[in-house]
1. Determine the distance separating the Cα centre of segment 161-234 from the Cα centre of segment 17-83; give it in Å without decimals.
2. Give the residue list of trypsin sites (Lys or Arg not before Pro) in segment 30-87 that are DSSP loop and have at most 10 other beta-carbon atoms within 10 angstrom.
3. Suppose accessible area is computed on protein heavy atoms with a 1.4 Å probe; arrange 295, 11 from highest to lowest.
4. Could you tell me the distance between the Cα centroids of segment 328-347 and segment 237-284, to the nearest Å?
5. Could you sort 292, 53 by their accessible area in this structure, using a 1.4 Å probe and putting the largest first?
6. Quick check for you: with a 1.4 Å probe and neighbouring chains kept, what is the accessible area per residue of segment 171-262, in Å²?
7. Given labels modelled 7 Å from the Cα in the Cβ direction, how far is it in nm from residue 191 to residue 151?
8. Which FRET efficiency, nearest 0.05, do residue 57 and residue 24 yield, Cβ-Cβ r, R0 41 Å?
Amino acid sequence: MNVSGTTGLQLPQSLQAQLHDFRRRVWTIKAVEAVCGALFGVAVSYLVLFALDRVLDTAPWARLAIFLVAVASCAVVPLYLHRWLWRHRRLEQLARLLSRRHPSIGDQMLGIIELVRSESEQARSRALCEAAIEQVAHAASTRDFRDAVPHPRHRLWAILAAAPLAVALLLALLFPAAAANAWSRLIRPWEPIPRFTFTRIEPLPDRIVVAHGEPATISVRLLDDSQWQPAHGLGRLGDQRPVEASLQDGGYQFALPPQIDAGWLQIRIGDINERVRIEPMLRPELTSVVVDVQLPEYLQLPQPLRKDVRGGSISLVNGSVATVVATANRKLSSATVDGQPATPAAASVS
């Protein structure tokens, strides 16, 4: 950029080159600071989310907050570049910036730039203007403006950005699936993306009904593709003492003490945290036990007979076929007959 008046008076090329070198140094240092600062903010946000996802399922609002921090660190870049690049592109702007570190030479440079552009001053005495310009150019040639960049912290920011970026890269190399999942959850916090866990278990029901006042065992099984199979798992029901279960045959058996009140069972196995509602209920009672009897053909009675057998015994004609139907006072989820599992129909089992 040449600075000259209408009469052809201009700054010496050596001085202009010196100012251009100073401008290039300011632009380079401040651009490095801006970019490294943004990378530092994004990398740290990513590592925070990755760490949180290892111990809990980070809530959507927390993911959104981390995302906004990363966005804010990137938004600083255009503001920073506007301040240091756009507002320090002309020679008079550079002279004012130089005057912070070198007040004397900076003010002199600003003065001769105004002289070059001022026709009235040149009209008074062109020779004096040329002499002033040469004097300032000579004085500037003996100065090193590399130390005039305000608060250069590019090396510090480069180190700060390199550390979390190196950790993030290492995680991507060692655990690509977990790293990719954390990145997806960071950049799209509004989407219900399930978190990645190294421990994987079979889905638990929303609630588990246990016998009221009786010990119960809660079974949790690992999936075949679980990358982490911890030797122990921990279960905690409300404020009660935690219950530990060891890995046996691909699963964990949590032995709960007798329960009379409903509560949430928090299960922690490796990096997975699940909870299930435990609801103690009294065992169902039989309200009726009836037998449908199909009599033998020789009696010529095609209609079956129904008899109440709550007394525990029944006498049948030889050749009869009997079906026992037991009905409970509420819907059944499972039942056994003579130790063999039977499929209930609502509150009845045959």
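The values are calculated or read from the model by the stated rules, or taken from the named source; none is laboratory data. Bear in mind the structure is a predicted one, so any value in this text is a computation, not a measurement. We place every Cβ from the backbone using ideal geometry, glycine too, and count neighbours over all the protein chains shown. Ligands, DNA and RNA are excluded from the accessible area calculation, which covers all protein heavy atoms including side chains. Shrake-Rupley method; radii C 1.70, N 1.55, O 1.52, S 1.80 Å.
1. When both Cα centres are located, 29 Å separates them.
2. Within segment 30-87, no trypsin sites (Lys or Arg not before Pro) qualify (loop, at most 10 other Cβ atoms within 10 Å).
3. Output order, biggest surface exposure first: 295, 11.
4. Taking the Cα centre of segment 237-284 as reference, the centre of segment 328-347 is 24 Å away.
5. My answer, sorted largest first, is 292, 53.
6. Using a 1.4 Å probe on heavy atoms only, each residue of segment 171-262 averages 61 Å².
7. Between residue 191 and residue 151, the label points sit 3.9 nm apart.
8. 0.25
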